[in-house]
Amino acid sequence: MPDADAPLRSFRPFMRFWFGRLAGTMANQMLMVAVGWQMYELTGSAWDLGLVGLYQFAPALLLVLVAGQAADRHERRRILALCMTVQVAIALTLLAATQGGWASRGLLLGLSVAIGFAKAFQMPAQQAIVPLLVPPEVLPRALAFSSAGMQAAIIGGPALGGFIFAAGAGTVHAVCALLFAVAVWLFAGVRHAPVPPSTEPVRLATMLAGVRFIRGRPAVLGAISLDLFAVLLGGATALLPIFAKDILHVGPWGLGLLRAAPAVGALAMSIGLSRWPITRRVGRRMFGAVAVYGLATLVFGLSTHFWLSMAALAVAGASDMVSVVIRQSLVQLETPNEMRGRVSAVNAIFIGASNQLGEFESGATAAWLGPVGSVVLGGAGCLLVAGLWMKLFPDLARRERLLSP
C-alpha cells in the first residue's frame with residue numbers, strides 16, 4: 001500500500017471503489033428523476049411522489065440488522081456488486097415497461113421497494129469497506145474525497161437525467177442500466193488484504209451487537225445522535241418550494257438553484273477536506289460546524305433576498321460536510337473491522353431517519369408556525385442541541401484527534 005502521505009490516486013483499490021460509487025450514485029439520481037416524472041405523469045399525485053421515497057426507506061429500516069450482519073460475514077465488494085446488479089435489472093425492467101407501454105403506478109412503487117432492498121444492503125457494505133482500502137491515517141482524506149464524488153453526483157445526476165429525459169424516459173433508463181453495469185464491474189474488481197469473516201453464530205444477540213457497540217462508545221453515540229437531531233431540526237429542504245414561490249419570488253429556476261446550493265457548499269468543503277484534513281481539535285470543530293449549520297439555517301429562514309438565501313444554504317451544506325466527515329471518520333476508526341457492517345447499518349438508519357423525519361418535522365411545524373417560523377425554530381433547535389450535546393458528551397467535545405490514543 002502507498003505511503004500515508006501519497007496522493008489518493010495512488011491507492012488504486014480505493015480509487016476503483018470511488019469510481020464505482022460515483023457511477024452508482026449518478027445512475028440512482030438519474031433513475032429517481034425519471035421515476036418521479038413518470039409517476040407524476042401517470043397519477044398527477046404529490047402523495048404518490050412521497051410514497052416513492054417512503055417505499056425506498058422502509059426496507060432499510062426493516063433490514064438494518066440483517067444487512068449489517070451480511071456486511072460483516074461476507075465480502076463487502078461482492079455485496080456491492082450484487083446490489084448494483086439488482087439495480088441493473090430494475091433499470092432494464094423500467095426500460096422494457098416504458099418501451100412496451102405497461103408502466104403503471106403499482107410497478108413504479110414495487111420497483112421503488114426493490115431499490116430500497118438493494119440500497120439497504122449497499123449502504124453498510126459501502127461505508128464499511130473504505131477502512132480496508134486505505135490506512136487509518138488516510139481515512140479522513142478518503143472519506144472527504146468520497147463525499148466530494150457523491151455530492152458531485154447528487155448535483156450532476158438530476159441535471160443530466162433531466163437533460164437526457166428530453167430523448168424519452170426509456171433513454172434515461174438505458175443510460176442508468178449502463179452506469180449500474182459499470183459500477184458492478186468496478187466493485188467486483190476491488191482488491192484488498194484478506195480479512196477473515198466473522199465466525200459468530202447468527203442469532204439475535206450478534207445481530208444487535210452493532211446497537212450495543214454504539215451504546216457503549218460515548219464518542220460514537222454522541223457523534224451519530226448529534227447529526228441525527230441537528231439535521232432533524234435544522235433541515236429546510238422540504239420547505240424550499242414555499243420559500244422560492246411565496247417568499248423569494250423566484251419561480252422554478254430559483255427553486256433548482258436553492259436545492260443545489262447546499263450540495264455545492266458541501267462539494268467545495270469536501271474537496272478542501274480531502275486536501276487539508278482535520279487532524280486536531282476534532283471534537284470542538286465538529287460541534288462548531290453544527291453550530292454554524294444552525295446559524296446558517298436561521299439566516300436562511302429570516303432572509304428575503306435570494307442571493308443571501310443561496311449563500312446561507314451553501315454555508316449550511318459546507319458546515320454539514322465538516323460534521324459528516326468527522327462523524328464518519330470517528331465511527332469507522334472506533335469500530336473494529338468485524339463490527340463495521342453492523343455499526344454502519346445502524347449509522348445508515350440514523351442518517352435516513354434524520355432526513356425523512358426532518359422533512360416531516362419541517363412540514364408539521366410549518367403548518368403550525370408558517371414556513372419562516374418553522375425554519376427559524378429549527379435553526380434555534382440545532383444550536384440548542386449543539387450546546388446540550390457538549391454537556392452530555394464532554395469527552396467527545398474535548399476529543400483532540402480522530403485516532404484515539
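We did not get these values from a lab; they are worked out from the coordinates using the rules stated. Owing to the predicted nature of the structure, the values given are computational and were not obtained by experimental measurement. All Cβ positions, even for glycine, are placed from backbone atoms using ideal geometry, and neighbour counts span all protein chains on display.
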- Query: Please state the relative contact order of the range 77-149 as a whole percent: Cα pairs under 8 Å, 6+ residues apart?
  - Reply: 41 percent
- Query: When the Karplus curve 6.51 cos²θ - 1.76 cosθ + 1.60 is applied with θ = phi - 60°, which whole-Hz ³J(HN,Hα) does each residue of the range 22-36 get, with x for Gly and Pro?
  - Reply: 4, 5, x, 5, 4, 5, 5, 5, 5, 4, 5, 4, 5, 5, x
- Message: Within a 10 angstrom radius of the beta carbon, how do D72, D48 rank from fewest other beta carbons to most?
- Response: D48, D72
- Give the order of C83, C176 when sorted by the count of other beta carbons within 10 angstrom, beginning with the fewest. C83, C176
- Message: Under the rule a/c < 1.5 gives rounded, and otherwise a/b versus b/c splits prolate from oblate, where does the range 8-189 land using the Cα gyration tensor?
- Response: prolate
- Spin-label pair E400/L61, simplified geometry with 7 Å Cα→Cβ offset, distance in nm: 4.3 nm
- With charges only on Cβ, +1 for K and R and -1 for D and E, what is the dipole size of the range 8-189 about its Cα centre, in debye, rounded to 20? 520 debye
- A correct Karplus calculation of ³J(HN,Hα) over the range 138-144, with 6.51 cos²θ - 1.76 cosθ + 1.60, θ = phi - 60°, whole Hz and x for Gly and Pro, returns 9, 4, x, 5, 5, 5, 5
- Item | Net charge of Cβ neighbours under 15 Å - reference F393; Lys, Arg +1; Asp, Glu -1 | +4
